[in-house]
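Report on the following structure.
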């Protein structure tokens, strides 16, 4: 069984420098709006750090939040 601690050792699901667009953010009191774009700056299997174009720096949680890579 994989635990949250195990996910910290996993690599970031998206390569740093990749541009993404948010599809859905779950369970955040002040979420990023769907359709917002940003650049992945790093992370691991449990969290993905994003520098959003709107100036915010809120991370995404792989497996809970949804995004798409911008080609």
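A short reminder: the numbers here are calculations on the coordinates, not readings from a lab. As the structure is a computational prediction, the values presented were derived from the model and not from experiment. A quick note on method: Cβ atoms are made from the backbone with ideal geometry, for glycine too, and the neighbour counts reach across all protein chains shown.
Observations, loosely collected:
- Among the residues of segment 30-46, the ones that are surrounded by 16 or more Cβ atoms within 10 Å (Cβ to Cβ), touching a helix residue (DSSP H, G or I) at 6+ places or on another chain (Cβ under 9 Å) and within 17 Å of residue 17 (Cα to Cα) come to 1 in all.
- Residue list for segment 20-47, filter: more than 10 Å from the chain's Cα centre (by Cα), within 11 Å of residue 65 (Cα to Cα) and outside any strand (DSSP E or B): 26, 27, 28, 31, 32, 34
- Here 57, 17 are screened, and the one residue that is under 13 Å from the mean Cα position of the chain (by Cα), assigned to a loop (DSSP other than H, G, I, E, B) and at negative phi is 57.
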